[in-house]
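See structure below.
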Amino acid sequence: MSYLNATEELYRDAALVPDVGLCCTTNPVWELPGLKIPKIMQEMNYGCGSTVHARDLSNNPRVLYVGVGGGMELLQFAYFSRQKGGVVGIDVVPEMLEASRKNFKIAEEENDWFKSEFVELHKGDALNLSAVADNSIDVAAQNCLFNIFKEEDLKKAIEEMYRVLKPHGRLVMSDPTCEQEMNDELRNDDRLRALCLSGSLPIDKYVKALTDVGFGTIEIRARKPYRILDTKNYPTDELIYIESIEVAAIKDPMPEDGPCIFTGKAAIYYGDERQFDDGKGHVLVNNQPLAICDKTAQALKDLGRDDIYFSESTYHYDGGGCC
């Protein structure tokens, strides 16, 4: 059995019998006016974070969500895109698609604004999104899916998301990551990979996989404790700490000097002038923090000034700033 077969089997069982906290930590649901999440959707929330961010979802966007689970994030996306087929859900497991359809009927009873027709469901594969046209999606999302893929398949999945996004569209993701590489025994354990554990990548490799495909802007929005793989319960000689990371990859043109990667750094100018202008589009108002990408942080540091303070990466970014 391949790791993809193991994954399908795992989630087929989870569609038929909900398994709370199956592979991921249970996260609080969005509290939005008029939005009620059915209990069954919460029980089938097989994700490690959230891909739903209000600032991505203005002007009734067309949303693609791959790996539907119990439909909770699809419902949350539909809250912002209340139109027929405004949200497209893709899943390789027929039983999961059927479970979502049933859950949407419950959601209709609990939410007077929601109609099942807002969500269009298709059987499909993250490695081949043939049901979705090129440049047709404003926001694409996946939660605890891409970390399952081995390297070559991960590249295909990201390329497919890049293909279907409109220019400046956003790929929003939540996945486990780890500081160190997994050993061969962990990495080749199909069940652990299906459980979102042994496929976890270090953050720098995770980000590189996105920029290699062509995403010109990367935003790391959150980084939270997730799991521990210990020496007693897993085939490892060292303790492995895994974090949940929330990232947006934006289909901006790739800058000549490389991608803009935001890891939560800021610069504060505290010199004698009202502001500092580096002549390259970055203006720092006196004593006002400016969010900056890692590339800009290094360029400003290279100026050797003694009147600019640089914060370390917080791995929390919510927009604005340079670039």
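The values are calculated or read from the model by the stated rules, or taken from the named source; none is laboratory data. The structure displayed is predicted, hence computed values, not measured ones. Counting neighbours? That spans all protein chains shown, and the Cβs are built from the backbone with ideal geometry, glycine included. For accessibility, only protein heavy atoms count, side chains too; no ligands or nucleic acids. Shrake-Rupley method; radii C 1.70, N 1.55, O 1.52, S 1.80 Å.
Here are ARG55, ARG62: which of them is open to solvent by 10 Å² or more (accessible area, probe 1.4 Å), among the basic types (Lys, Arg) and either at pLDDT 95 or above or farther than 22 Å from MET161 by Cα (or both)?
Working: ARG55 fails: either at pLDDT 95 or above or farther than 22 Å from MET161 by Cα (or both).
Just one listed residue meets the conditions, ARG62.
Quick one: which of CYS178, CYS144 is farther than 18 Å from HIS53 by Cβ and touching a residue at least 12 places away in the same chain (Cβ under 8 Å)? Walk me through how you get there before you give the answer.
Numbers: CYS144 fails: farther than 18 Å from HIS53 by Cβ.
One residue alone meets the criteria, CYS178.
Which one of the conditions (1) under 29 Å from SER244 (Cα atoms); (2) part of a loop (DSSP other than H, G, I, E, B); (3) open to solvent by 60 Å² or more (accessible area, probe 1.4 Å); (4) not aromatic (Phe, Trp, Tyr) does ASP134 fail to meet, given that it meets all the rest?
Only one criterion is unmet by ASP134, namely (1).
Residues that are surrounded by fewer than 24 Cβ atoms within 10 Å (Cβ to Cβ), more than 22 Å from GLU159 (Cα to Cα) and under 21 Å from the mean Cα position of the chain (by Cα): does segment 66-78 have at least one?
Yes, because at least one residue in segment 66-78 is surrounded by fewer than 24 Cβ atoms within 10 Å (Cβ to Cβ), more than 22 Å from GLU159 (Cα to Cα) and under 21 Å from the mean Cα position of the chain (by Cα).
Restricting to segment 241-263, count the residues that are assigned to a strand (DSSP E or B), aliphatic (A, V, I, L, M) and either open to solvent by 10 Å² or more (accessible area, probe 1.4 Å) or modelled with pLDDT of 95 or more (or both). Walk me through it before giving the result.
Here is the first cut: in segment 241-263, the residues assigned to a strand (DSSP E or B) are 241-250, 260-262.
Cutting the leftovers down to aliphatic (A, V, I, L, M) gives us 242, 245, 247-250, 261.
This time we only want the ones that are either open to solvent by 10 Å² or more (accessible area, probe 1.4 Å) or modelled with pLDDT of 95 or more (or both), so: 247-250, 261.
Within segment 241-263, residues that are assigned to a strand (DSSP E or B), aliphatic (A, V, I, L, M) and either open to solvent by 10 Å² or more (accessible area, probe 1.4 Å) or modelled with pLDDT of 95 or more (or both) number 5.
In segment 185-202, what residues are open to solvent by less than 30 Å² (accessible area, probe 1.4 Å) and part of a helix (DSSP H, G or I)?
LEU186, LEU192, ARG193, ALA194
Pairs, please: C-beta under 6 Å, at least 6 apart or cross-chain, first residue without any contact (Cβ under 8 Å) to a residue 60 or more places away in the chain and in segment 301-313, second open to solvent by 60 Å² or more (accessible area, probe 1.4 Å) and part of a loop (DSSP other than H, G, I, E, B)?
ASP307/TYR270
Quick one: GLU179 ticks every box in (1) closer than 27 Å to ALA291 by Cβ; (2) modelled with pLDDT of 90 or more except a single one, so which number is it?
(2)
From the set of residues in segment 270-312 that are assigned to a loop (DSSP other than H, G, I, E, B) and of a type in the set (S, T, N, Q), which is nearest to ILE220 (Cα to Cα)? It would help to see each step written out before you state the result.
Start the filter on segment 270-312 by keeping residues that are assigned to a loop (DSSP other than H, G, I, E, B), which leaves 270-274, 278-282, 286-289, 293, 302-307, 311-312.
Checking which are of a type in the set (S, T, N, Q) leaves us with 286-288, 311.
Values: ASN286: 26, ASN287: 24, GLN288: 22, SER311: 15 Å.
Only one residue tops the list, namely SER311.
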